[in-house]
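A quick write-up on the structure given underneath.
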Amino acid sequence: MERSEKAVNFKHNGNNCCQAVMMAYADKLDISEQQIRRIGATFGAGMGCFESTCGSLCGAQMVLGMTGGNIRAAKLLVDGFRSRAGGSITCRELKGIGTGKMLCSCDDCVRYASECLDNLIGK
């Protein structure tokens, strides 16, 4: 199973978007699954329920940093995610809150963040 689909499965099994992405890369991180869940616990619903930066992207950025990524790679991750997710990285816009026009579902945000991360660090 692709990591992106593992991430979606984690999302459907009690994890927020950030945790789901991070859990899909648990084998690449030097921390326990419990620690991953704690680290990502407050990044759901747009970085702590502020409907701000997508939690999936936050989780992908954390994995990128923990696997040796740098600021250049971080920008590539954001740009790749934005281009796949309808032009935004903001949870409020992605979900269509206030506009009624959803740009990207949470499942797809998790999927796209994982796929963009795979492009940078490998599968």
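Where a number appears in this text, it was derived from the coordinates with a stated rule and is not lab data. Note that this is a predicted model, so its numbers are computed, not measured. Ideal geometry is used to build each Cβ from the backbone, glycine not excepted, and the neighbour counts take in all protein chains shown.
Work out the length of the dipole vector of region 41-103 about its Cα centre, built from +1 on the beta-carbon of each Lys and Arg and -1 on the beta-carbon of each Asp and Glu, and round it to the nearest 20 debye.
Using only the charged Cβ atoms, the result is roughly 140 debye.
Which loop chymotrypsin sites (Phe, Trp or Tyr not before Pro) in region 2-87, with loop taken from DSSP, have no more than 16 other Cβ atoms within 10 angstrom of their Cβ?
Sites meeting the loop and neighbour criteria: F50.
In debye to the nearest 20, how big a dipole does region 3-121 give about its Cα centre with +1 on each Lys and Arg Cβ and -1 on each Asp and Glu Cβ?
180 debye
Taking other Cβ within 10 Å of each residue's Cβ, how do D108, D118, D27, D79 sort, fewest first?
Least to most surrounded, the residues fall as D27, D79, D118, D108.
How do 33-42, 66-75 rank on mean C-beta neighbours within 10 Å, highest first?
Peptide ranking by packing, descending: 33-42, 66-75.
Can you find, among T90, T67, C104, the residue sitting farthest towards the positive end of the charge dipole of region 61-123, where Lys and Arg contribute +1 and Asp and Glu -1 at Cβ?
Looking along the dipole axis, the top candidate is T90.
What list do you get for S56, S114, S83 if you sort them by fewest beta carbons within 10 Å?
The fewest-first ordering by Cβ neighbours comes to S83, S114, S56.
Given [x] 1.38; [y] 1.00; [z] 0.94 as candidate values of Cα Rg over 2.2 N^0.38 Å, which corresponds to the one derived from the coordinates?
Computed from the coordinates, Cα Rg over 2.2 N^0.38 Å corresponds to [z].
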